[in-house]
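**Student:** One structure, as structure tokens, below. Some questions next.
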Amino acid sequence: MNCPSCNQPAASFLRYAFTLQGVPLYQSMRGYFKCEHCGALLHVKSFGRYFWYCFVGSILVLALFTLFYRSLIKMAGTNLAIVVWFLILAGILVTFVLGMWKYAVAEKVESDDLV
């Protein structure tokens, strides 16, 4: 996602995934963050369609695993089924955070607009 003020990437993936990005926790939870380059206060307005494609795909993968986990346990054992479950969850988490970072649409917020 690019900053509307300076037209540069607003945040790196690691900054987006692991920090509050220069705002308090309650603002970060509401989608506010500061641009890494110019310091402008931004708000995530929406997400692109590819984010939603990944979201729906993740739900389908979880649904398929739920449908076939008993046969996976019978075929490969409980330990492997648990490992597969955690790998699926980790993949979905990384895909979700990466999609939120890459396909977010940000808008500049004036400090007077914060509620």
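The values are calculated or read from the model by the stated rules, or taken from the named source; none is laboratory data. Values in this document were obtained by computation on a predicted structure and should not be read as measured data. Quick reminder, even Gly has a Cβ in these numbers, built from the backbone with ideal geometry, and neighbours come from all protein chains shown.
For (1) out of contact with any His (no Cβ under 9 Å at 6 or more places or on another chain); (2) in contact (Cβ under 8 Å) with a residue 40 or more places away in the chain; (3) farther than 29 Å from GLN8 by Cβ, each residue gets a yes or a no:
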{"residue": "CYS35", "(1), (2), (3)": "yes, no, no"}
{"residue": "LEU41", "(1), (2), (3)": "yes, yes, no"}
{"residue": "VAL44", "(1), (2), (3)": "yes, yes, no"}
{"residue": "TYR50", "(1), (2), (3)": "yes, yes, no"}
{"residue": "ALA63", "(1), (2), (3)": "yes, no, yes"}
{"residue": "GLY77", "(1), (2), (3)": "yes, no, yes"}
{"residue": "TRP85", "(1), (2), (3)": "yes, no, yes"}
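**Student:** Sticking with this one: What are the residues in segment 25-63 that are assigned to a loop (DSSP other than H, G, I, E, B) and either hydroxyl-bearing (Ser, Thr, Tyr) or over 11 Å from ALA104 (Cα atoms) (or both), if any?
**Tutor:** Residues satisfying the conditions are ARG30, CYS35, GLU36, HIS37, CYS38, GLY39, ALA40.
**Student:** Considering each residue of segment 7-20, count those that are closer than 16 Å to VAL105 by Cβ, surrounded by 12 or more Cβ atoms within 10 Å (Cβ to Cβ) and not aromatic (Phe, Trp, Tyr), and give that number.
**Tutor:** Qualifying residue count for the region: 3.
**Student:** Does LEU89 count as more than 30 Å from SER5 (Cβ to Cβ), at pLDDT 90 or above, surrounded by 12 or more Cβ atoms within 10 Å (Cβ to Cβ) and out of contact with any Cys (no Cβ under 6 Å at 6 or more places or on another chain)?
**Tutor:** It is true that LEU89 is more than 30 Å from SER5 (Cβ to Cβ), at pLDDT 90 or above, surrounded by 12 or more Cβ atoms within 10 Å (Cβ to Cβ) and out of contact with any Cys (no Cβ under 6 Å at 6 or more places or on another chain).
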